[in-house]
Every structure is written in C-alpha cells, then in structure tokens.
Amino acid sequence: MKYAGILIPLGTIGIAVLLLFGWAPDDYFLQNLGSQTPVMEELFKLQRDKNLTSEALFVVNSRIQGVLNSSGQPSRQNLFLSTYASTHPQDPFLTYYYYMVAENYRTQKADDFAALYYDRVLRNYQDLTYKGISLHRASLEKLIQIVQDPSTRLGYLNEWTQRFSDPAVLPRMQYYLGKTYESLGEYEKAQEAFKAFINQPGTIIPGEPQAWKNTIEYVDFFRSNKAWVRPTLESLVSSLKDAFARVDMRAIETLRSKRGFTVVTWSTMEAKAQTDDDSRQFVATQVRKSSGIGITGDFHRDSSDREVYLRSTGWGYSLSPIFYIYLKKVDFLPNPEINGGWEWAGLFMGEKL
C-alpha cells in the first residue's frame, strides 16, 4: 500500500502472510536494478549463509541497503530493512536498521512515519554507536526537530538533557525548548530558554538562518513596554500623520519601534542603521533636515494584511526625499492586548518600483 508515494512498511504479520503465499522477497528486491542485479543476487546468497556472524551479516545488509539506495528506491530500501528486522528479532543491530528506516522517511519528508521509527529505536532497542554517533541521541535530536506536538517534544527535550546534555549542542536545544514552552503558553520559561540561546552567538538552527537575530528581537520586545504599538493600522497611520505634521520629535520617537527598526535603501537593501540608537539618530536627523514630511496615505501595491509600505515625501536625505514608512502587524501571544496590533517597524529610502 502506498501513501503520498511512500511505501508504508509491512509489519511482522503482513510479511508472514506474504511469505505464506509464496512471496519471494529476493525477487522483489532484484527488480529494476540493471547492472547491479548480479551483485545483489550474490549479496542475497551471502545473507542466507547460516554460518555468517552478526557482524558479517551487518556488512552484507549494509551493502544491500546501499545498492537499493543508489538505485533510487528508498521505498524498497525501507521495506528491506523493516522486513529483515522484523524477521530477525535477535539481531544485535536492530537499532541501526530501524534508525535507517526513520532516516529514509525523514529525507522523504514523511515526518510522521519517521517519528514513529525514531521513537521505536528509543523505546524498544538498546543504544548503538555507529560511526561515533549514539543512535539514541541522534533519534532524540531528530524527534525534537520534527515532532509537532509541544508536550511530546518537551518530553524528548527533557530526555536529551538528562542523557546527552552536550555544551556544543545545548544552545540549539535551548532554542527548541523556548519554542516548545512558547507553544505551551509558558512564556516566562520560554524567555529563560531564549536568553540562554542568544548568549551563544553564532548558533545555527537548521532551516532557520535568522533564528538568532529574530530571537534577540523577540526577547527585547518581551522586556520592553511596547508603548509604540497601536491597536489598529488606522490608528497608527493617524498617529504618524499627526506627529510628522507637528514635527513632534517626542511623539515620533514614541511611535518608532524599539525592536529591530529597519532603515535600508530599496536599491541596494543596504542597512543605514545597525543599532536602535543608530535608528533613533537617523530618524531625528532626517526630520530636522526635512522641508516638512507629508504622508500621502497611499499603500504600495506590495503591501499585505500583515505588512504595509506607506509612501511619504519631504525627507532631508540627500539621495531621495521619498521614504516608505514600513508598518508591521505584531505577533505577541503573551499579551492579547498587544497581539494583532501594529508597529512602525522601519524606513525604506527611495521610490519603490
């Protein structure tokens, strides 16, 4: 049976039924191998040798697995591994076989199936070190990345900490812990984990290249008074128009976001402010040099229900008097009064095409 193009592995009972009706597994795995067919026939012949040690049998099975993998047949590879493992319950390398089934499913983006096998490795089989790596530890780390249920993921994180806490990997686990606590609504615990994560600059989160930067901004936002957030887009635009019309620097500064305020040029996307103090000084300087800033009220066509580019003119910047005021919807579940509000998050200099 296939699901989304992925062969669901047969359990022990299903395999026994197939064998009872004369299914020859060797024949199935020999199909469509081309020049590799003679190699595979010899490998299956070796596999049936009753005198092979467990270690030698492991080498043979690894070769068979490699041939199936190189021929682009991950479904057959999984069926081979799970069939062998379920019919050889005393084999000392079952941990490895089931771990590889999990890995194959993960690479096929079948995370639910992968999670079942990673968990099976942890719960049913003793740990095994392969190429210097604990397969229990590797399974836990993969589960932490792919499991969606936060309560289940928290259990895996706690188990990793108790069994394998590694200073080199701990910052990454702190990030996942923060995300997990956040999903569970335990925001103070999430903050503690995030603080530990950002104290280790350079930590890379697979698939999330901006994780460290975004977490710093989130932690800063959590600590701040958030006085610049307005409940609606309309109220924020109105406040900005009024502050700029009166050239009220205090009001303008109050409305400017204090977390990751962006100042860049459209043409090069080059940042003109690296810190919050840089942003504050840049805005103040351009307002003082201006001939009177006017907000047209026109949203650029690239605006959305979460991000708005508001055209404004009259800025004192030498290269262009036109700036787009960047407004962004706020995601902040810890405070329902703030969540869903709007903030002035940056300036984009020049005309946007």
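FYI, it's all coordinate maths here, none of it is from the lab. This structure is a prediction, so every number in the text was calculated from the model and none was measured. Here the Cβ is made from the backbone with ideal geometry for all residues, glycine too, and neighbour counts use every protein chain on show.
Could you please tell me the mean projected area of the C-alpha convex hull for segment 141-193, averaged over all directions and given in square nanometres to one decimal? Display every interim value, and only then the final one.
Details: hull surface 12.9 nm².
Convex hull of Cα atoms, orientation-averaged projection: 3.2 nm².
VAL39 to ASN51: extension gain in nm, 0.36 nm per residue of separation minus the Cα-Cα distance?
Separation in residues times 0.36 nm, less the Cα-Cα distance, equals 2.3 nm.
Using a Förster distance of 41 angstrom, determine the FRET efficiency expected from the C-beta separation of LEU30 and SER134, and round it to 0.05.
FRET efficiency, LEU30 to SER134: 0.75.
What residue among LYS189, LYS289, LYS50 shows peak mean-square fluctuation when the chain is described by a Gaussian network model with Cα springs under 10 Å?
Its mean-square fluctuation being the largest, the pick is LYS50.
Taking the Cα centroid of segment 40-58 and of segment 64-135, what is the distance between the two, rounded to the nearest whole Å?
18
ALA196 label point, 7 Å along Cα→Cβ, cut-off 17 Å on backbone N: hits in segment 121-146?
141, 144-145
Helix-derived [θ] at 222 nm for the chain: sum -39500 (n - 2.57) over DSSP H runs of at least 4, divide by residue count, nearest 500? Walk me through the numbers on the way to the answer.
Numbers: 15 runs with 183 residues, N = 353.
Rounded to the nearest 500, the figure is -16000 deg cm²/dmol.
Holding the Cα-Cα limit at 32 Å, pick out from LYS289/LYS328; LYS179/LYS241; LYS109/LYS179 the pairs that are longer than that.
LYS179/LYS241
For the chain, take every pair of Cα atoms, bin their distances at 10 Å starting from 0, and report each bin as a whole percent.
The calculated distribution, bin by bin, is 5, 19, 21, 15, 14, 12, 9, 4, 1, 0.
What is the pair-distance distribution P(r) of segment 230-353, computed from all Cα-Cα distances in 10 Å bins starting at 0, with each bin given as a whole percent?
13, 48, 33, 5, 0
So in the chain, what percent of DSSP beta bridges are antiparallel if you round to the nearest 5? The partial results should precede the final answer.
Numbers: 23 of 28 bridges.
Of the beta bridges lying entirely in the chain, close to 80 percent run antiparallel.
Could you give the distance between the Cα centres of segment 148-162 and segment 334-353, to the whole Å?
When both Cα centres are located, 34 Å separates them.
In terms of modelled amide H atoms, which long-range or inter-chain residues lie less than 5 Å from the amide H of TRP266?
MET349
If you take the beta carbon distance between LYS213 and ALA245 as r and set R0 to 45 Å, what does 1/(1 + (r/R0)^6) give as a FRET efficiency, to the nearest 0.05?
Efficiency computed from Cβ-Cβ geometry: 0.85.
Mind listing the phi-derived Karplus ³J(HN,Hα) values for segment 173-189, rounded to whole Hz, using 6.51, -1.76 and 1.60 with θ = phi - 60°, and x for any glycine or proline?
5, 5, 4, 5, 5, x, 4, 5, 4, 4, 5, 8, x, 9, 6, 5, 5
Assuming 0.36 nm per residue, please report the length gained on full extension of the stretch LYS329 to ALA227 beyond their Cα-Cα distance.
Working: separation 102, 0.36 × 102 = 36.72 nm, distance 1.46 nm.
Difference between extended and current length: 35.3 nm.
Projecting each Cα onto the charge dipole of segment 173-303 (Lys/Arg +1, Asp/Glu -1 at the beta carbon, about the Cα centre), which of ALA245, VAL263, VAL283 comes out farthest on the positive side?
ALA245
Work out the length of the dipole vector of the chain about its Cα centre, built from +1 on the beta-carbon of each Lys and Arg and -1 on the beta-carbon of each Asp and Glu, and round it to the nearest 20 debye. Intermediate values should be presented prior to the final figure.
Details: 39 positive and 39 negative charges, 126 e Å.
Rounded to the nearest 20 debye, it is 600 debye.
What is the extension gain from ASP127 to GLN281, computed as 0.36 nm multiplied by their sequence separation minus the C-alpha to C-alpha distance, in nm to one decimal?
Extra length from ASP127 to GLN281 when fully extended: 49.7 nm.
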